[in-house]
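Worksheet: the structure to be examined is printed underneath.
The values are calculated or read from the model by the stated rules, or taken from the named source; none is laboratory data. It should be emphasised that the depicted structure is a prediction, and the values quoted were computed from it without experimental measurement. Note that each Cβ is placed from the backbone with ideal geometry, even for glycine, and that neighbours are counted across all protein chains shown. For the accessible areas, the whole protein counts, side chains as well, though only heavy atoms, and no ligand, DNA or RNA atoms are used. Shrake-Rupley method; radii C 1.70, N 1.55, O 1.52, S 1.80 Å.
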Amino acid sequence: MYNISQLNAAGAALGLPLRYVVAVTAMAAANAPELVTKLTCACEHLLSASEMVQFVELSRESLLKMVTTIGTPRIINSTAALMDAVPETIKERLPKTSLRCKDDYNYDAIRQRGLDMWKGVYSKQAEKLEGKIGGWYPDLLEVIQTDLYGRILSDCRILDAKSTELCTIGALFPSNVPAQLKSH
């Protein structure tokens, strides 16, 4: 269960609506879509209409990005909970078409973007981690760096890199993966 006053106090440094976006990702990771619904309903009363649109856009993008961390079933359930709680007046103001299309995908550019983000997140440990994961299964390393980091996590058109990292930490914490949490 969450308390909106405690959430506001704990996330005060993040500002609005990012503190709520990070909370949505943590709730999704904890497999608590019912809390996503409650938070979204509370936000309707706490945020202006433009802040609410921003909250929903950032939350949808964060949930999309966290499919890499949390998994598809939890993301689908939490996205449904989010969107089912959004008033129609806000839904009308949201983009209706995908930002991602086949014309956007230059493999080499996406791979490089993924490698750049990988190195930014893992810094001194990047090469060591590449060696470990690549030694376990080279395709796993390729998918992580190109598809997850390159195509999804490093796409900053809606959610910037710093906010993506905060949401990643928010998703890792309830997932009970201390090694990954330490890396981030």
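Listed values, structure above:
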| read-out | value |
| --- | --- |
| Some residue of the stretch 160-180 being out of contact with any Asp or Glu (no Cβ under 6 Å at 6 or more places or on another chain), over 30 Å from K38 (Cα atoms) and not small (G, A, S) | no |
| Residue that is farthest from the chain's Cα centre (by Cα), among those in the stretch 52-72 that are within 14 Å of C156 (Cα to Cα) and polar (S, T, N, Q) | S59 |
| Residue tally, condition aromatic (F, W, Y) and not in a helix (DSSP H, G or I), over the stretch 141-170 | 0 |
| Where a residue in the stretch 85-104 is assigned to a loop (DSSP other than H, G, I, E, B) and its partner, wherever it lies, is surrounded by 11 or more Cβ atoms within 10 Å (Cβ to Cβ) and not small (G, A, S), with Cβ under 7 Å and at least six apart | V86/T40; V86/V56; P87/E44; R93/V53; L94/V53; L94/V56; L94/E57 |
| Pairs, first at negative phi in the stretch 141-154, second outside any helix (DSSP H, G or I), C-beta under 7 Å, six or more apart | L148/T68; I152/T68; L153/T68 |
| When residues of the stretch 28-56 are limited to those that are of a type in the set (D, E, K, R) and in contact with a Pro (Cβ under 7 Å, 6 or more places away or on another chain), the one nearest to S5 (Cα to Cα) | E44 |
| Filter result (more than 23 Å from A179 (Cβ to Cβ) and assigned to a helix (DSSP H, G or I)) within the stretch 105-140 | Y107, D108, A109, I110, R111, Q112, R113 |
| So D155, is it modelled with pLDDT under 95, open to solvent by less than 30 Å² (accessible area, probe 1.4 Å) and not hydrophobic (A, V, I, L, M, F, W, C) | yes |
| Count - residues of the stretch 72-82 that are surrounded by 13 or more Cβ atoms within 10 Å (Cβ to Cβ) and free of Cβ contacts under 8 Å to residues at least 12 places away in the same chain | 1 |
| Identity of the residue in the stretch 23-51, aliphatic (A, V, I, L, M) and more than 30 Å from D147 (Cα to Cα), that ends up least open to solvent (accessible area, probe 1.4 Å) | L39 |
| E92 surrounded by 18 or more Cβ atoms within 10 Å (Cβ to Cβ) and of a type in the set (D, E, K, R) | no |
| Single unsatisfied condition, F173 versus (1) under 22 Å from G11 (Cα atoms); (2) in a loop (DSSP other than H, G, I, E, B); (3) open to solvent by 70 Å² or more (accessible area, probe 1.4 Å) | (2) |
